[in-house]
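No lab work stands behind these numbers, since they all come straight from the coordinates. Here the structure is a predicted model, which means the values were calculated and not measured. Cβ sites come from the backbone with ideal geometry, for glycine too, and all protein chains shown count toward neighbours.
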Amino acid sequence: MATQSDPIRERALKDATDWLILLQEQSDDPVTRQRFHDWRAASPLHEEAWLRTEKTMEVVAQLRPGAARERRRGAEDVSSTPAIRTLPIRQRAHGGRPRRWAMAGVTGLAACLALMFVAPDVALRLRADRITGTGQHIAVPLADGSTMTLGPSSAMAFDGDQRHIILLRGEALFSVTHDERHPFVVKTGAFRTEDIGTVFDVRRDGEGVVVAVQSGRVRVHGGALPGTGQELGEGQALAANPAVWGTRNGPPEQVGAWADGVLVANDEPMGEVIARLRPWLPGKVVVSSRLAAQPVSGVYSLADPSATLEVIARARQAHVRRIGPWFAAIY
C-alpha cells in the first residue's frame, strides 16, 4: 500500500502545488485549464493530491487576519466548473488585494514544499563544526571534560578553542567543567553567555536568545541587558532580543529535557510550544492566531514528533492539516 512517504505520491503533491501556482497565474487560459484537467484525470493519486492541496490552501486562507470578513464579502463571487473547482482564495474582486494575498500564499507554500528539493544552506555548513538535521541531536565531548548536546536543526562552531562556542542556529545543552582562568563562553548573535560552573541550555531565537540554567550559575551579556550582564541561577531562564528582555523561574530538572527525548510545557502559549517542537519536524508548521496564545501543559515524547503535534492540537480541540512532509497547519 502506498504511503505519504512514497516517491510517487510525493511527486503528485509537488505537481499539484505547481498546478495551483500556474492556475493562479493563467486562470483564463483554456489550454492551461485543459492540461490541468487531463493531469487530474490521469491518476487517482493526482486527484487525491489536488484535493489535499486545495483543502490546505483553504486552511491557510482562513489563518490570515480578516479572512472571514473577506470570505463573507466574496461569497457570491465564488463559482466552480466541472474541470476546476474554484479555490476559496481565488476571489474575482478587481481591487487586487485578495488576489495579491492569494499569490503570496501560494508562492509561500511552494517555497515551503521546495525546501526538501533544494540543497542545504551551504554557507552555514561551511562555517559550522557540528550540524544536525531535523529530529537529530548529538553529544559532543569537549577536551576539558565538558560536554555539549547539540539539538535538532542546529549548528555550532568553535571560536578559537573548545571553551568558546558560537551557536549558529538552534539549541544546545552544556555541562561545563568550571575553570576560572578559562571562562566557558557561548555566543549567539549579539549575546554572550558565560559559565560560572553549571549545566545550562542556550537556544538561538532569531536575533534573540533563550538561556535556562539547570544547575550552577551563568551570566548573559548583550542587547538591552545591563552592562554588567544578567546573572541566572538554578531554575532561572532569560529570554532576550536586542530591544527587550525578561526572566522567569521554573523547575530546574526540566531544563534541557529535550536531550532526554521529552518536551515539557507548563501553561505556555501553544505557539511557543510548537516553536520548540519545529526543529523535530520536517517542513513548515503554521498555527492559527486563534490558537497560538492558548495555554498548553503536558509532557510530550519526542520519539514521534508528528504524533506529538497531533496530541498538542487535540488538547485544544484543534485539527492538523498536512501536505505530505512539507507543510502542516493547526487550526
*asked:* For THR134, THR193, which order do you get if you count the other beta carbons within 10 Å of each Cβ and list the fewest first?
replied: THR134, THR193
*Set the Förster radius R0 to 45 Å, insert the Cβ-Cβ distance between VAL299 and GLU207 as r into 1/(1 + (r/R0)^6), and round the FRET efficiency to 0.05.*
0.90
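State the extension gain, in nm to one decimal, for the chain segment bounded by GLN317 and ALA157, taking 0.36 nm per residue of separation less the distance between their alpha-carbons.
53.4 nm
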*Ranked from highest to lowest mean number of other Cβ atoms within 10 Å per residue, what is the order of the peptides 275-282, 159-166?*
275-282, 159-166
*What length, rounded to one decimal in nm, is gained on full extension from ARG181 through to ASN249, with 0.36 nm per residue of separation minus their alpha-carbon distance?*
21.5 nm
*Calculated diffusion of the range 241-309, Stokes-Einstein form, Kirkwood radius summed over Cα pairs, 10 °C and 1.306 mPa s, µm²/s*: 120 µm²/s
*Estimated vicinal HN-Hα couplings, Hz - the range 182-199 in sequence order (Karplus 6.51, -1.76, 1.60; Gly, Pro = x)*: 9, x, 9, 10, 10, 9, 9, x, 7, 10, 9, 10, 10, 6, 10, x, 6, 10
*Ranked highest first by the average count of other Cβ atoms within 10 Å around their residues, in what order do 233-240, 301-308 fall?*
233-240, 301-308
